[in-house]
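In what follows, a single structure is set out as structure tokens and then discussed.
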Amino acid sequence: MNGAYEAIFVLIVLLIFSAISFQRRLLDRDGTIIANIMGLAIYLLGGISSFLTVLLFFTVAELATKVGRSTIGSEHERRTIGNIIGNGAPALIALALGSNIAFYGAIAAALSDTLSSEIGLLSKRKPRLITNFKEVEPGTDGGVTVLGFLAGLIGAFFIAAIGAFIYKDIFIVVIITISGFIGCIVDSILGAAFEIKGMLNNTQVNFLGSASGALIAYVLTILL
């Protein structure tokens with residue numbers, strides 16, 4: 001696929017994405033605009049492979065949210081600019097800085113956290129606060145479950161497998177999976193320590209969690 005066809009493909013996908021987001025109320029208006037801008041920027045900085053990775057991330061995240069919320073009888077909340085920035089900005093920054101491995105680390109952390117939170121709602125056991133392991137109500141910031149952690153690990157591995165396929169390096173699976181899962185844990189710790197107390201908001205916690213995934217992936221690449 002040459003550059004012109006790729007650009008046309010990306011624009012068509014973004015148009016379809018916008019239509020579906022409005023029709024299914026997945027994103028609000030401003031969130032849709034920012035998501036389109038971010039998707040286009042990711043394509044320009046990272047190419048079609050990075051764009052498709054983000055597209056798969058969004059698709060899997062939405063499916064997990066639908067499954068998790070519908071099972072407990074809760075409606076899917078419309079995502080906003082904050083959700084887009086918190087989950088996507090670290091990946092975009094990584095590409096801007098020229099680090100593809102950090103990009104995948106950030107996306108792996110974002111998907112790991114999303115799957116951990118949403119699939120964790122299906123757990124038959126109450127979540128426990130990650131900082132003291134006391135039982136809390138489902139949906140509590142920093143609350144974790146074994147099922148959620150397993151889902152988070154699978155999410156990180158999913159993005160890692162994409163990265164390994166693109167770069168033809170099986171060792172990348174290890175780096176990105178570890179980075180993404182640790183980023184998920186960091187997100188939970190920040191949620192329990194700061195978000196639950198109102199010291200950080202959800203956007204900030206998501207941003208720092210994804211950014212930690214990016215940083216860990218970058219450092220592991222240097223060390224290993």
Tell me, what ³J(HN,Hα) does each residue in the range 49-57 have, in order and in whole Hz, if you take phi through Karplus 6.51 cos²θ - 1.76 cosθ + 1.60 with θ = phi - 60° and put x for Gly and Pro? 5, 5, 4, 5, 4, 5, 4, 5, 4
Mind listing the long-range amide H neighbours of L27? Cut-off is under 5 Å, sequence gap 5 or more, other chains count too, H placed in the peptide plane at 1.01 Å from N. R79
Label-point separation, K197 to L63 (7 Å along Cα→Cβ), nm: 3.9
Nearest-20 debye value, the range 65-224 charge dipole, Cβ charges on Lys, Arg, Asp, Glu: 240
In whole Å, what is the distance between the alpha-carbon centres of the range 84-143 and the range 1-74? 18
Accessible surface, per residue, of the range 54-164 when the full set of protein chains is kept, probe 1.4 Å, Å²: 47
Sequence neighbours fewer than 8 away in the same chain don't count; with that in mind, list the lysines whose C-alpha is under 25 Å from K134. K124, K126, K197
Of the options I42, P127, L224, report the single residue whose Cα projects farthest towards the positive end of the charge dipole of the chain (beta-carbon charges: Lys, Arg +1; Asp, Glu -1). P127
In whole Hz, the Karplus estimates of ³J(HN,Hα) for the range 99-115 (6.51, -1.76, 1.60; θ = phi - 60°; x where Gly or Pro) are 10, 5, 5, 5, 4, 5, x, 5, 5, 4, 5, 5, 5, 4, 5, 5, 5
What list of ³J(HN,Hα) couplings, whole Hz, do you get for the range 189-201 from phi and the Karplus terms 6.51, -1.76, 1.60, once you set θ to phi - 60° and write x for glycine and proline? 5, 5, x, 6, 8, 10, 5, 5, 9, x, 7, 9, 9
Expressed as a percent, the accessible surface of the range 10-114 that is carbon or sulfur, using a 1.4 Å probe and the full set of protein chains, is 67
Using a Gaussian network model of the chain with C-alpha springs under 10 Å, which one of A94, A214, A19 is most mobile by mean-square fluctuation? A19
Counting each DSSP H run of 4 or more residues in the chain as -39500 (n - 2.57), what helix-only mean residue ellipticity at 222 nm follows after dividing by all residues, to the nearest 500 deg cm²/dmol? -26000 deg cm²/dmol
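The values are calculated or read from the model by the stated rules, or taken from the named source; none is laboratory data. Bear in mind that the values here come from a model prediction, so they are computed numbers and not experimental data. With ideal geometry, Cβ positions are generated from the backbone for all residues, glycine too; neighbour counts draw on all protein chains shown. To get the accessible areas, we keep the full protein, side chains included, count just its heavy atoms, and leave off ligands, DNA and RNA. Shrake-Rupley method; radii C 1.70, N 1.55, O 1.52, S 1.80 Å.
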